[in-house]
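**Q** The structure follows.
Rule-based calculations on the coordinates, nothing more; no lab input. If you're wondering where the values come from, they're calculated on a predicted model, not measured in any experiment. Note that we place each Cβ from the backbone using ideal geometry, even for glycine, and neighbour counts take in every protein chain shown.
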Amino acid sequence: MKTESLWFIFLNASLINNFVLAYFLGICPFLGVSGKLSTAFRMGMAVIFVMLISSMAAYGIHAFLIWVDAPFLQLISYIVVIASTVQLVEMFIKRFSPSLFKALGIFLPLITTNCAILGLALFQTNKGYNFIESFVFALGAGIGFTLALVLMAGLREKLDFAEVPVIAKGVALTLLVGGILSLTFMGFAGLGG
Amino acid sequence: MFKKTLHIGTSPHIIGGSSTDQIMRNVVFALLPVAAFAVYTFGLSALLLLITALASCLLTEYFLNRWIGKSSPLSDWSVTITGLLYGLTLPPHLPLWMVFVGGVIAVALGKFIFGGLGYNVFNPALVGRAFIQAAFPVAITTWMAPFLPDRFSHIPGSTLTLPFLKPVYDITSGATPLSLMKFEHHTTDTYNLLMGMTSGSTGETSALLILLGGLYLIARKMMNWRIPVALLGTVYLISTVLHWSNPDIYPGGLFMLFSGGLMLGAVFMATDMVASPITPLGATVYGIIIGIMIYVIRVWGGLPEGVMYAILFGNAVSPHIDNFIRPRVYGTGKQWSKS
Amino acid sequence: MLFDLLKKNPTFRHGIHPPQFKEDTRDKPIRHFPFAPVMIIPLAQHIGKPSVPVVSEGQEVTRGQLLARADGFVSVPMHAPASGVIKKIGRVPSISGKMVPGIFLEPFPGSSQEVLEGKPVKVETSTPEEIINAIQNAGIVGLGGAAFPTHVKLKIPEGKHADTLIINGAECEPYLTTDHRVMLEQAPDIIQGVRYLLKATGATRAIIGIESNKPDAAVNLRNHLPPDLPLSVQVVEVKYPQGAEKMLITAILDREVPSGGLPIDVHTVVVNVATTAEIGRLLPHGRGIQERVITITGPGIKKKGNYWIPIGTPLRYILEQAGAEEDIDRVFMGGPMMGTAVSSLDIPITKGTSGIVAFREEEARKKDVKIYPCIHCGACVDACPLFLNPSKLGILAKFKDYHTMASDYNLMDCFECGSCTYVCPSHIPLVQYFRISKLVLRNEKAKAPHV
Amino acid sequence: MTVDTIQPEKKEVGSFKMFQAMVGIGIICALAIVVTYQTTLPVITKNKAEALEKAIYKVLPGAQTRKNFQWDGQKFSEADPSDHSLKDVIYTGLDANGAMVGIAIEAKGQGFQDAIQVLYGFDPEKQAIIGFYVLDSRETPGLGDKIASDAAFQENFKALTARLDESGKKLEHDIQTVKHGTKSKPWEIDAITGATISSKAVGNILNHSAQYWAPIIKAHIDELRTH
Amino acid sequence: MESKPKGKLAGFFHFPQGDGLSTDEFIKGLWRENPVLVQVLGMCPTLAVTNSAINAMAMGLATLFVLVMSNILVSSLRNVIPKQVRIATYILIIATFVTVADYVIQAISLDVHKALGAFIPLIVVNCIILGRAEAFASKNGVWASFMDGLGMGVGFTFALLLLGFIREILGSGSLFGISLFADSFQDWVIMILPSGGFFALAGWLLLFNGLKLRKKQAQPEQTREEVLI
């Protein structure tokens, strides 16, 4: 019995329950890599890419673990798979598209410890998504992550040229802007019904 | 024979146009009829609410700026606009203590933290409103019927709720045209919407007065007309087309235009110069984006009204619009056209 | 007539409409001015290398005699503005407030207006090179205010060609009517100048661009148009800065000078109308430039008008003669939009001085205008004739990010017309910021080791 | 260890040594995990079963025990109650005498913020929903989350008609949420004031689920009883 | 390595001279190098699960457990683990202890487990833990690493509780689930929403920034600018 349409899964992951602004997944890059628009955008692209691949991999792993009846290995295998996926992707890109590697390269190792990737794998398992649903979920999550990062980067680039009171400079300001963005995204609630 | 010292300065030595404080003051003037009509519609509670909203914003601005040593922060009138606009977006009998909290948030979080006038990346009034909406979702979605007979003699109990306590309602509640549409598929008459005969936020009910205020500012060149025109046009266009395709599901264009906070938002909120794009084309794109967002949230989203969220989203997007939509600088790109 | 009203004159996009204030002087014929007791002649009245004195202290000179020769190609010579004695060769006060090399000349009392004749240069018999040399020898620079040596502009670089010569009679600066009067009174000189210029540049046609607020000038010139000359008059819209080279080219020819380029890159040469008149007046007599037309106006002046004023006349003398009020508070050389405020009245007028505007205390720009932060109203964006984003540039300048200004926001294209500052409701001194930013960048570039 | 002995050893870390180290650590880790898993599994299974039973007994008043049935698309078959990984499982609640009180069904659907997961009791005799319990929701606290706690709202589910029409393929009347205070039909749900969206979501979820399950249950009621 | 171990086993039982060092290892994590409030690490759980004090507490303790255990194991094996595979090994060790913590919490309370949801497994990618393993435990003795892990863990829990307190008190009018006010108290729902998490943490950071600023201003030799950065 189907309960969630693909469209809803996508909207849910990207806007309504944005990974960054509602689930706080990937907050570290959100705070760290959102200073410049170009970097933020490339990071976002890299994350979408890795999310799609690791989501598919996690789907396979989960099916395998069910088959061998070893649910306790879930976490370890996920983290191993994500780490090696990132490695593989990195090597693959380096081999076949040096220009893409130049654009995404430095962000790929960072992604390993991006909780949004592991979070995605865990969420799709918890929600019991099938393969297609997992794929759409990963796509939505990645796009949502990129959207949040890019919006943040634009605002921060603008705020680089603002007379921010000394007390609020740095992480506090980014968090406050993140809070307002999170408020803004509440407007998407109930979409896709 | 001549004075010993001459004043020097660099060119240009003459300046024209209106000054920032003039512009801000005129926005306040344009808002005053809307505020007056709000008091007329909702009575004492609206009056107290507007006073509280203004006071909280002005006081916050004053004390925060004194604290960091900026001088005469109120003279530019911008925070007066924030206070008025913020008050006009609230339901008329919201407890005053909540109004006060939101006013402090609006100025402290929406404006001061970014560096004050000119640096706020979001519309401060809407930041305050969004905060209140998230903090007190019940109170801010409880509406009061307009034109109650005892509105000038009786202050609703909820208005005077003690700080930190839940409001208790003792007056007739009303439903906004948008929630009537959303939850009961009941469309309100356009004439009533235009004249402000409906329930809703303090200042959003009379579309006519808001429009007049906007026209005044546009005529005085103190407002970017492209934003409201693009925004309202987008909403009207989408809703008309969809209404035509299926009138049972989609409300008509005029209803969409004149209901809820769209007019107030389009004319006075989205046009906040600081948080909107600077180029003419950018302003148009910005208006269209907000218009689409409003329609999507109103019709397909869970909330009956989405003007506030749509404008905040537009604010968040506007740095990108400014980044990508730049006029072609003279002498770049195309070479001269003919020999 | 009705159709004329409906038909809009060509112009450029954006720009501003400051009040004109030209009524006071535009109907006043040009009058001669007496010699000051002492003339001050700086050796660098033009852009380029200062000229080199060829006279010595104590020497007697005749009006029009060579005082200093040009030092290289981008330089012009200096001629005596009056017959008199060289009192001193040393340092003279200048508009920048610094002391610069210059010559003090004491005219003989009752010195005549007679000017020394030189070797005439005829249009018909001279080669373009000879005309260009003659223009340099006459000491002619752009009289519109830029003071750029005219002959340099006329020398078409290798591999480029000019097809159109534009004579700039737009005069968009408020208050100034110099060019207006010149066009009314010196039409034959202008026509003659155009002949020289066409020959020198090889252009096939010439167009005189005039703002529509000077219809009498357009009519006068049209009446003088000789049938044999490919010369026409084009009326353009009244708008500031219509008189800027780039804007005038765009208005008349619909061509855009490429960023960082010159008018010649779009096969165009632009010469100011007063400069053209001067060429047409001086070259047939082989004379050098010794006086120029200057508008003296402003609320602080009693005898407003246009005057032939000898180069080197001290400002104080001019103001005294023109009957300036005693409480003048601000004096500008040039117009109020792009001119320079002077700090001392002891400086002389130079070849580039097109007007003197004096304000009294109360009329001057209010001293305590409050500067607000930029509110992104976009007025400057709508005003900038080059479609720059002065708002963003201003914010970047405030935070000293000069390199981004140049690399991402085309700072170096700005020609400092001041439209942005004029319209800014927050009274941010935008163009002033840009001048400083450009200076900083130029200094940095000069310091950087050449690769 | 002297400096001399450290240096060459560090250089000589070969694949075998690395492998050795990894395997060693892997064994330690595996041990830790397996021991924990084995120790905690019974407790966790018991906890989960208790939580589920609590919910089932809440939506099926009078039930004392339960049975799990899995629907494979053709028929119901009794399932292992401790296996939580099965899909399409419904629960029958039995009273002290072993008679079926009703059927507890899990349903899920989109709410205001995120998916809402509910358990409801269905009485095949009365063809009505007789109990309702929110398993999981992220609805707005103080507003939408009242669907789990609001007493008046819970009152809706004491007897909410979900009767099949003559064809036996779908409900005679859709289950619908109406504005607070306007409930007039037994298949209508009276919404919570101010939480119309979440209330509507509940109505949709129940309607959707009942449209699916009610015909199946009606057709296979014997399979559920005989076991 | 600040002390030279005499043999492979020496590192295991090498206690530093006196207690001064290890106390310092403990204290620094609490305040001076507080992982959340000073180093701004581990933001995901800090923001995600602090909408009630009990969740904050549970998350803090789970992290504390993993931190201490992985620090102990890493430091005791630090001479055995080859440099090339150390990160992979650390992740393996951490993932193991996280799995253990996950099951233990599930056994203790299903409700808490449900409230924390996926954020328990996500402890694996909490940068604090890998950071301490790499920066401290791989270079120090077992005792010092234990104290370091304990200090950081307690500091983390402390920061989470700070957030949990303010968010639960304002957002639900209760603390550890116990109602603090009368029924008529108006909850500030925003505090238990995601945006409230951002605002609450930003609020604490502003407070600490303000305190630091005031302290630095008291010392005249340091300029304001130095303080901000």
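**Q** Exposure proxy check: D:220, B:93, A:62 ranked by fewest other beta carbons within 10 Å?
**A** In increasing order of surrounding Cβ atoms, one gets D:220, A:62, B:93.
**Q** Over what distance in Å are the Cα centres of the range B:245-307 and the range A:145-179 separated?
**A** Their Cα centres are 26 Å away from one another.
**Q** Follow-up. Quick check on chain C: of the DSSP beta bridges with both residues there, what percent are antiparallel, nearest 5%?
**A** Given both bridge residues lie in chain C, the antiparallel proportion sits at roughly 60 percent.
**Q** Could you list B:236, B:191 in order of exposure, starting from the residue whose Cβ has the fewest other Cβ atoms within 10 Å?
**A** Fewest-to-most ranking of B:236, B:191: B:191, B:236.
**Q** Based on the Cα atoms of the range B:20-174, what semi-axes does the equivalent ellipsoid have, where each is the square root of 5 times one gyration tensor eigenvalue, given in whole Å with the largest first? Walk me through the intermediate numbers first.
**A** Values: eigenvalues 152, 59, 29 Å².
So the equivalent ellipsoid measures 28, 17, 12 Å along its semi-axes.
**Q** In addition: So for the pair residue B:237, residue C:27, with labels modelled 7 Å out along Cα→Cβ, what separation do we get in nm?
**A** 5.3 nm
**Q** On C-alpha positions alone, give me the angle between the axis of helix D:15-59 and the longest principal axis of chain D, in degrees, nearest 10.
**A** 20 degrees
**Q** Separate question: Under a GNM of chain D (C-alpha, springs under 10 Å), which listed residue has the highest mean-square fluctuation: D:192, D:44, D:175?
**A** In this elastic network of chain D, the residue with the biggest mean-square fluctuation among D:192, D:44, D:175 is D:44.
**Q** Continuing with the same structure: Each residue of the range B:325-332 in turn: what ³J(HN,Hα) in whole Hz from Karplus with 6.51, -1.76, 1.60 and θ = phi - 60°, glycine and Pro shown as x?
**A** 9, 10, x, 5, 5, 3, x, 10
**Q** Determine the calculated [θ] at 222 nm for chain B from helices alone, applying -39500 (n - 2.57) to every DSSP H run no shorter than 4 residues and normalising by the residue count; nearest 500 deg cm²/dmol.
**A** Taken over chain B, the calculation gives -16500 deg cm²/dmol.
**Q** Anything over 22 Å Cα to Cα? Flag those among C:49/C:447; C:22/C:153; D:58/D:158, in the order listed.
**A** Table pairs above 22 Å Cα-Cα are C:22/C:153.
**Q** Could you check which residue among B:257, B:64, B:94 shows the biggest mean-square fluctuation in a GNM of chain B with a 10 Å Cα cutoff?
**A** Of B:257, B:64, B:94, the Gaussian network model singles out B:64 as fluctuating most.
**Q** Exposure proxy check: E:93, C:30 ranked by fewest other beta carbons within 10 Å?
**A** Ordered by Cβ neighbours within 10 Å, fewest first: C:30, E:93.
**Q** Let me ask another. Taking the Cβ-Cβ separation of residue D:58 and residue D:87 as r and a Förster radius of 25 Å, what is the calculated FRET efficiency to the nearest 0.05?
**A** 0.65
**Q** Hey, how many Å between the Cα centroid of the range D:154-187 and the Cα centroid of the range E:128-195?
**A** Taking the Cα centre of the range E:128-195 as reference, the centre of the range D:154-187 is 46 Å away.
**Q** For chain E, what is the calculated [θ] at 222 nm in deg cm²/dmol (nearest 500), taking -39500 (n - 2.57) for each run of four or more DSSP H residues and dividing by its residue count?
**A** -20000 deg cm²/dmol
**Q** Got a sec? Charge dipole of chain B, +1 on Cβ for Lys and Arg, -1 for Asp and Glu; which of B:268, B:160, B:258 is way out at the positive end?
**A** B:268
**Q** Additional query: Determine the equivalent ellipsoid of the protein assembly as shown by diagonalising the alpha-carbon gyration tensor, then write out the semi-axes as square roots of 5 times the eigenvalues, largest first, rounded to whole Å. The partial results should precede the final answer.
**A** Details: eigenvalues 1141, 321, 164 Å².
Output for the protein assembly as shown: semi-axes of 76, 40, 29 Å.
**Q** Take chain D, connect every pair of alpha-carbon atoms lying under 10 Å apart with a spring to form a Gaussian network, then pick out the residue of D:138, D:163, D:66 with the largest mean-square fluctuation.
**A** For chain D, modelled as a Gaussian network with Cα springs under 10 Å, the answer is D:138.
**Q** Among A:70, A:165, A:180, flag the residue with its Cα farthest along the positive direction of the charge dipole of the range A:26-184, charges on Cβ as +1 for Lys/Arg and -1 for Asp/Glu.
**A** It is A:165, whose Cα lies furthest towards the positive end.
**Q** If you place +1 on the Cβ of every Lys and Arg, -1 on the Cβ of every Asp and Glu, and leave all else neutral, what size is the dipole of the range A:26-184 about its Cα centre, to the nearest 20 Debye?
**A** Rounded to the nearest 20 debye, it is 340 debye.
**Q** Could I ask something else about it? So if I take the centroid of the Cα atoms in the range B:91-163 and the same for the range B:171-211, what is the distance between those two points in Å?
**A** With the range B:91-163 and the range B:171-211 each reduced to a Cα centre, they are spaced 19 Å.
**Q** If you don't mind, there's one more thing I want to ask. Taking N as the number of residues in the range B:62-109, what is its Cα Rg relative to 2.2 N^0.38 Å?
**A** It is 1.26.
**Q** Have a look at C:421, C:404, C:389 and report the one farthest towards the positive end of the charge dipole of the range C:379-447, computed about the Cα centre with Cβ charges (Lys/Arg +1, Asp/Glu -1).
**A** Going by the Cα projections, it comes out as C:404.
**Q** Provide the gained length on full extension for the span residue D:39 to residue D:184, in nm with one decimal, where the gain is 0.36 nm per separating residue minus the Cα-Cα distance.
**A** That works out to 46.8 nm of additional length.
**Q** Same structure again: So which lysines pass the test for residue B:182, namely a Cα distance under 22 Å, with those fewer than 8 places away in the same chain ruled out?
**A** The reachable lysines, counting only those whose Cα sits under 22 Å from residue B:182, are D:146, D:179, D:183, D:185, D:200.
**Q** Determine the alpha carbon to alpha carbon distance for each of D:126/D:169; C:398/E:216; C:400/E:215; B:111/E:216 and list only those over 22 Å.
**A** Check vs 22 Å cut-off fails for C:398/E:216; C:400/E:215; B:111/E:216.
**Q** If you don't mind, another one. In debye to the nearest 20, how big a dipole does the protein assembly as shown give about its Cα centre with +1 on each Lys and Arg Cβ and -1 on each Asp and Glu Cβ? Don't skip to the end; give the middle numbers.
**A** Values: 120 positive and 108 negative charges, 626 e Å.
Roughly 3000 debye for the protein assembly as shown.
**Q** Further, regarding this structure: To two decimal places, what compactness ratio does the range E:104-202 give when its Cα radius of gyration is scaled by 2.2 N^0.38 Å?
**A** Here the answer is 1.35, to two decimals.
**Q** Let me ask something additional. What would the Debye equation give as log₁₀ I(q)/I(0) for the range D:41-226 at q = 0.12, 0.18, 0.19 Å⁻¹, counting only Cα atoms as equal point scatterers?
**A** Log-scaled intensity ratios, in q order: -0.56, -1.23, -1.34.
**Q** Below 22 Å Cα-Cα, how many Lys pairs turn up in chain A? Only count pairs eight or more apart in sequence, or on different chains, if you could.
**A** 6
**Q** Give me log10 I(q)/I(0) at q = 0.17, 0.18 Å⁻¹ for the range A:26-184, Debye formula, one equal scatterer per alpha-carbon, no solvent.
**A** -0.98, -1.06
**Q** Can you say what percent of the DSSP beta bridges in the protein assembly as shown, counting only those with both residues inside, are antiparallel? Round to 5.
**A** Taking every DSSP beta bridge within the protein assembly as shown, about 75 percent pair in antiparallel fashion.
**Q** Quick one: P(r) of chain E from all Cα-Cα pairs, 10 Å bins, percents rounded to integers, in order of increasing distance.
**A** Reading upward from the zero bin: 8, 28, 30, 22, 10, 2, 0.
**Q** Next up: Each residue of the range D:91-101 in order: what ³J(HN,Hα) in whole Hz does its phi give by Karplus 6.51 cos²θ - 1.76 cosθ + 1.60, θ = phi - 60°, with x for Gly and Pro?
**A** Using θ = phi - 60°, the values come out as 10, 9, x, 10, 7, 4, 8, x, 7, 6, 7 Hz.
**Q** If the viscosity is 1.002 mPa s and the temperature 20 °C, what Stokes-Einstein diffusion coefficient in µm²/s follows for the range C:311-390 when Rh is the Kirkwood radius over Cα pairs? Mind dumping the intermediate values first?
**A** Values: Rh = 15.1 Å.
The Stokes-Einstein estimate is 142 µm²/s.
**Q** Still on this structure, please answer the following. Using all Cα-Cα distances in the range B:216-284, what percent lands in each 10 angstrom bin from 0 up to the longest?
**A** 21, 44, 25, 9, 0
**Q** Further, regarding this structure: I'd like to verify something in chain E: which complete DSSP H helices, judged by Cα projection on the helix axis, reach 18 Å or more and average at least -1.0 on the Kyte-Doolittle scale?
**A** Flagged H segments are E:53-76, E:86-108, E:142-172, E:194-218.
**Q** For chain C, list log₁₀ I(q)/I(0) at each q in 0.12, 0.13 Å⁻¹, using the Debye formula over Cα point scatterers of equal strength and ignoring solvent, two decimals each.
**A** -1.09, -1.29
**Q** Still on this structure: Please enumerate, by chain and number, the aspartates and glutamates with C-alpha under 15 Å from the C-alpha of residue C:438, excluding those fewer than 8 residues away in the same chain.
**A** C:401, C:408, C:413, C:416
**Q** With only Lys, Arg, Asp and Glu charged, each at its Cβ (+1 for the first two, -1 for the last two), find how big the charge dipole of the range D:41-226 is about the Cα centre; round to the nearest 20 debye.
**A** Roughly 220 debye for the range D:41-226.
**Q** How shielded is C:328-335 by partner chains, expressed as the average number of their Cβ atoms within 10 Å of its Cβ atoms?
**A** Mean partner-chain Cβ count within 10 Å for C:328-335: 4.
**Q** Moving to a separate point now. Which lysines, if any, have their Cα less than 18 Å from the Cα of residue C:122, not counting same-chain residues under 8 positions apart?
**A** C:199
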